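Report on one structure; see the data block that follows.
The values are calculated or read from the model by the stated rules, or taken from the named source; none is laboratory data. What you see is a predicted model; the values in this text were computed from it and never measured. Cβ: placed from backbone, ideal geometry, glycine included. Neighbour counts: every protein chain shown.
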Amino acid sequence: MTPLRVGLAGLGNVGAGVVKVLEQNAELIARRAGRAIVVTAVSARDRSRERGVDLSRCAWVDDAAELAARDDVDVVVELIGGSDGPALTLARRTLAAGKPLVTANKAMLAHHGLDLAGIAEAAGLALKYEAAVAGGIPIIKALSEGAAANSIARVYGLMNGTCNYILTRMDAEGLDFDDVLADAQAAGYAEADPSFDVDGIDTAHKLSILAALAFGSRIDFAGVACEGIRAIAAADFVQAAALGFRIKLVGLAEASGGQLFQRVHPALLPAEHPLATTSGALNAVVVEGDFAGRLFFQGRGAGEGPTASAVVADLIDIARGDIRQPFGMPVADLAQLPPADPAVRRGRYYLRLAVADRAGVLAEITAALRDHGVSIESLVQRGPAENGDAMVVMVTHDTSEAQVVASLAQMEASPAVTGKPVKMHILDF
């Protein structure tokens, strides 16, 4: 049978990894796909760079968008990255040329996924993106195929390996954020500008995609409330451990009452929760279905091997002739769910404040909580620190987010409270 000929845009670690997987497992892949899969054309900025793979049989293209028009390319793999620019141009031209598209680009999908899915659907083409979320974890297939019979109540998880690596080391070694970030950058775990990772944007991109698949809704990246990990201190891990919790950056999406709740935020998880025990650069995702129950997926969420594996899995599907709606149903049938109001959400909260070490401060704090109907489950005061401030840590009883936010605003207005209070949700499910 005629091989499936691949045009590959982007030859970084993942692009080189795709070539390696296709070469090393060529015979197995051909048997599973029903035909051979070969890379025939590539595009990258630097032709001279050593990538550890043999590209001598591939045609080189300077402008990645030209891959879409080549006669020796049946399917295009986009590994350029970025929500717009060359990646989006290549995606549009590929589908316009009547060719399937495989991408690992979560940012592009979060911003333009519905538009691209509509074009692919109208043309009867495959748009595959298993590698865009959680690397080697097959979470896209799990939601769109394995759990397709279920009404999904909730999808949540750890979707950024850089953040999980940083938080794991802060927890294990008692270090503060800035120290671990510098080490992570030196070791190549974090970018020189880590904002997309540590501020939660990368997780928000992925969460918006998973929410669309889980709930049959339109992607709403703008509706994801996003908070990163910069404010977390070593002291928070000590207090969390004493309470029986671990701190993780969690992406959480729920659909209820015709509304969609999406949030990325640091949270306290019970120490025995499977997400709490997911350490280092690993990713993990939990899906809760009405018939399947809780499904847990864990694995390497990034890197050459896992991401390349997911890309090649998509190519195998295309070689088999697998064409289905990119988001599990026709774009026209995806629901437009308005964002849920976070103020009415209820739960327990972890609060940390730096306060002046003087008489009457605790009375001010407890008064602010009392004024807004927030009940305290536990309270610990530590200090003073070298700067003369004391640390107050509280865990609330079940309360609404609006009440907690109002209490903190009142506290922050007090001259006794120094710096911005830290608030983290306690996820008991």
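Computed values, structure above
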| item | result |
| --- | --- |
| Selection status of LEU249, buried (at least 22 other Cβ atoms within 10 Å of the Cβ) and in contact with a Cys (Cβ under 7 Å, 6 or more places away or on another chain) | yes |
| Sole residue being in a strand (DSSP E or B) and modelled with pLDDT under 95, chosen from LEU295, LEU353, LEU362 | LEU353 |
| Criterion: touching a strand residue (DSSP E or B) at 6+ places or on another chain (Cβ under 9 Å), at pLDDT 95 or above and not hydrophobic (A, V, I, L, M, F, W, C) - qualifying residue of PRO415, PRO339 | PRO339 |
| Selected residue (criterion: farthest from the chain's Cα centre (by Cα)) from residues of the stretch 4-54 that are surrounded by 12 or more Cβ atoms within 10 Å (Cβ to Cβ) and among the polar types (S, T, N, Q) | THR40 |
| Unmet criterion (only one of (1) part of a strand (DSSP E or B); (2) surrounded by fewer than 21 Cβ atoms within 10 Å (Cβ to Cβ); (3) of a type in the set (Val, Ile, Thr)) for THR277 | (1) |
| Residue, surrounded by the most Cβ atoms within 10 Å (Cβ to Cβ), within the stretch 301-320, restricted to residues that are modelled with pLDDT under 95 and either among the small types (Gly, Ala, Ser) or in the same structural domain as VAL18 (by TED's automatic domain parsing) (or both) | GLY301 |
| Among the residues listed as GLY52, GLY118, GLY81, the single one being touching a helix residue (DSSP H, G or I) at 6+ places or on another chain (Cβ under 7 Å) and either within 16 Å of ILE323 (Cβ to Cβ) or at pLDDT 95 or above (or both) | GLY118 |
| Subset tally (residues that are touching a strand residue (DSSP E or B) at 6+ places or on another chain (Cβ under 6 Å) and not in a helix (DSSP H, G or I)) for the stretch 217-246 | 10 |
| One residue from PHE215, PHE196, PHE177 being assigned by TED's automatic domain parsing to the domain that holds LEU295, free of Cβ contacts under 8 Å to residues at least 24 places away in the same chain and of a type outside the set (S, T, N, Q) | PHE196 |
| Number of positions in the stretch 374-429 that are part of a loop (DSSP other than H, G, I, E, B), touching a Leu at 6+ places or on another chain (Cβ under 8 Å) and free of Cβ contacts under 8 Å to residues at least 60 places away in the same chain | 1 |
| Top-ranked residue in the stretch 8-58 [being among the β-branched types (Val, Ile, Thr) and assigned to a helix (DSSP H, G or I); ranked as farthest from GLU304 (Cα to Cα)] | ILE29 |
| Among (1) free of Cβ contacts under 8 Å to residues at least 40 places away in the same chain; (2) out of contact with any Leu (no Cβ under 7 Å at 6 or more places or on another chain); (3) over 19 Å from VAL312 (Cβ atoms) - the single one ARG57 does not satisfy | (3) |
| Tally of residues being of a type in the set (D, E, K, R), surrounded by fewer than 18 Cβ atoms within 10 Å (Cβ to Cβ) and in contact with a His (Cβ under 6 Å, 6 or more places away or on another chain) across the stretch 83-135 | 0 |
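Residue-by-condition table, conditions (1) in a helix (DSSP H, G or I); (2) in contact (Cβ under 8 Å) with a residue 60 or more places away in the chain:
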site	(1), (2)
MET108	yes, no
GLY118	yes, yes
GLU121	yes, yes
LEU125	no, yes
ALA134	no, yes
ILE140	yes, yes
ALA153	no, yes
GLY157	no, yes
THR162	yes, yes
